[in-house]
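A.B. asks: Encoded as structure tokens, here's the structure I'll be asking about.
The values are calculated or read from the model by the stated rules, or taken from the named source; none is laboratory data. Treat the numbers as computed from the prediction; the structure is a model and nothing was measured. Heads up, the Cβs are rebuilt from the backbone with ideal geometry, glycines too, and the neighbour counts pull from every protein chain shown.
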């Protein structure tokens, strides 16, 4: 399973978990509003029964929906024509609470408009759950008429208790969803690490192919009997083999380090060096491949100020990959390399007169495993890792790589690295 597919599944799973959680929260909120509404309906019935039983209605057109006031969420006020017997009202209201299953505490108060104060108050706890008196907690709401006041100090707690089984079930579902999300995340992370390790192995394996090919050609030249009569050529090809062996050893050590640390990002070990000199070494090492196809590699133009701060080994690898591709996709390689400064960027240009690349492939050419196809045929061999690895190297240096190419007219790659 590829990282892209895993990423898509992770995103879909996250969206699904988020959607279910949102629905659950919406459902809980709807249930909470329903319980509040039911509580208000029950209180309205108690108030209605109380006013009718004690003949406390102000007028015949009295409307409970319009006349019962809620100055605060836990307070209910209802106008009355006169103040009744307090003890009788208390006993009646207590029975009504049991009747309508309102099992929470309440402070019942009687407001005298003539004296502008509460005449008295009673604390009712039908559930016997709260062991303290809430008396005098009711704030003063001055009115121009007598009224009965109902204060429920634990109204929210009572409503939430009614929702307890739904809250617990929602909490358990949320925990399951969180566990599922964590499992998906760790599965994705593990698969991503596995893919990362495979990618590194593939990238470095691809990078080993070029030095081995160069060494094979050099070894074939050195095996010829006539080589002893050409000491300079013997020396050059021996140096090529030594250089490539040293390079392979360094890259192998780096690959092992990356494999053990599970590090999926390239970390350049930067140093200051002359890029022109590095390019000369790289071109010298790649010449045997070009000469095998009767081609040539020319260091055409070079800037005088060629010192850059970068990872020498990685930059060599990137240039070697570009040169190898230029040789591979040319019948008779004619490759030119040049360097120049453009603003605050050091530029390396590698141009060839090979097969070229159609514009439709330009944006995809640096993707991992991508290879240019002609119908169902892959004209190139390999795994589509070389240019992807080159881009990784340039990206790790905060640079960029550009492609200019037309089918049948060759390709030009331009690497731009920050000067500082």
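A.B. asks: I'd like to check which strands (runs of 3 or more DSSP E) are fully inside region 105-203 and have at least 1 residues that are in contact with a strand residue (DSSP E or B) (Cβ under 6 Å, 6 or more places away or on another chain) and modelled with pLDDT under 85.
C.D. replies: Those strands (runs of 3 or more DSSP E) span 117-125.
A.B. asks: Another one. In region 376-404, what count of residues is obtained for those that are over 29 Å from the mean Cα position of the chain (by Cα) and at pLDDT 90 or above?
C.D. replies: Qualifying residue count for the region: 2.
A.B. asks: Regarding residue 312, is this residue free of Cβ contacts under 8 Å to residues at least 40 places away in the same chain and not assigned by TED's automatic domain parsing to the domain that holds residue 240?
C.D. replies: The answer is no for residue 312.
A.B. asks: Evaluate region 313-334: report whether one residue or more is touching a strand residue (DSSP E or B) at 6+ places or on another chain (Cβ under 9 Å), modelled with pLDDT of 85 or more and over 19 Å from residue 210 (Cα atoms).
C.D. replies: So far as region 313-334 goes, no, none of its residues is touching a strand residue (DSSP E or B) at 6+ places or on another chain (Cβ under 9 Å), modelled with pLDDT of 85 or more and over 19 Å from residue 210 (Cα atoms).
A.B. asks: Find the residue count for region 340-360, including only residues that are free of Cβ contacts under 8 Å to residues at least 24 places away in the same chain and in contact with a strand residue (DSSP E or B) (Cβ under 6 Å, 6 or more places away or on another chain). Quick ask: steps written out before the conclusion?
C.D. replies: Of the residues in region 340-360, the ones free of Cβ contacts under 8 Å to residues at least 24 places away in the same chain are 343, 360.
Checking which are in contact with a strand residue (DSSP E or B) (Cβ under 6 Å, 6 or more places away or on another chain) leaves us with none.
Of the residues in region 340-360, 0 are free of Cβ contacts under 8 Å to residues at least 24 places away in the same chain and in contact with a strand residue (DSSP E or B) (Cβ under 6 Å, 6 or more places away or on another chain).
A.B. asks: Where residues in region 317-361 are part of a helix (DSSP H, G or I) and under 34 Å from the mean Cα position of the chain (by Cα), which of them is surrounded by the most Cβ atoms within 10 Å (Cβ to Cβ)?
C.D. replies: 318
A.B. asks: Inspect all residues belonging to region 17-26 and state whether any of them is in contact with a strand residue (DSSP E or B) (Cβ under 8 Å, 6 or more places away or on another chain), surrounded by 13 or more Cβ atoms within 10 Å (Cβ to Cβ) and either at pLDDT below 90 or assigned to a strand (DSSP E or B) (or both).
C.D. replies: Checked against the condition, which is being in contact with a strand residue (DSSP E or B) (Cβ under 8 Å, 6 or more places away or on another chain), surrounded by 13 or more Cβ atoms within 10 Å (Cβ to Cβ) and either at pLDDT below 90 or assigned to a strand (DSSP E or B) (or both), region 17-26 yields no hits at all.
A.B. asks: Residues to consider are 280, 291; find the one that is modelled with pLDDT of 90 or more and surrounded by 13 or more Cβ atoms within 10 Å (Cβ to Cβ).
C.D. replies: So the residue among 280, 291 that is modelled with pLDDT of 90 or more and surrounded by 13 or more Cβ atoms within 10 Å (Cβ to Cβ) is 280.
A.B. asks: Still on this model: Of the residues in region 231-256, how many are modelled with pLDDT of 85 or more and under 21 Å from residue 268 (Cα atoms)?
C.D. replies: Result for region 231-256: 0.
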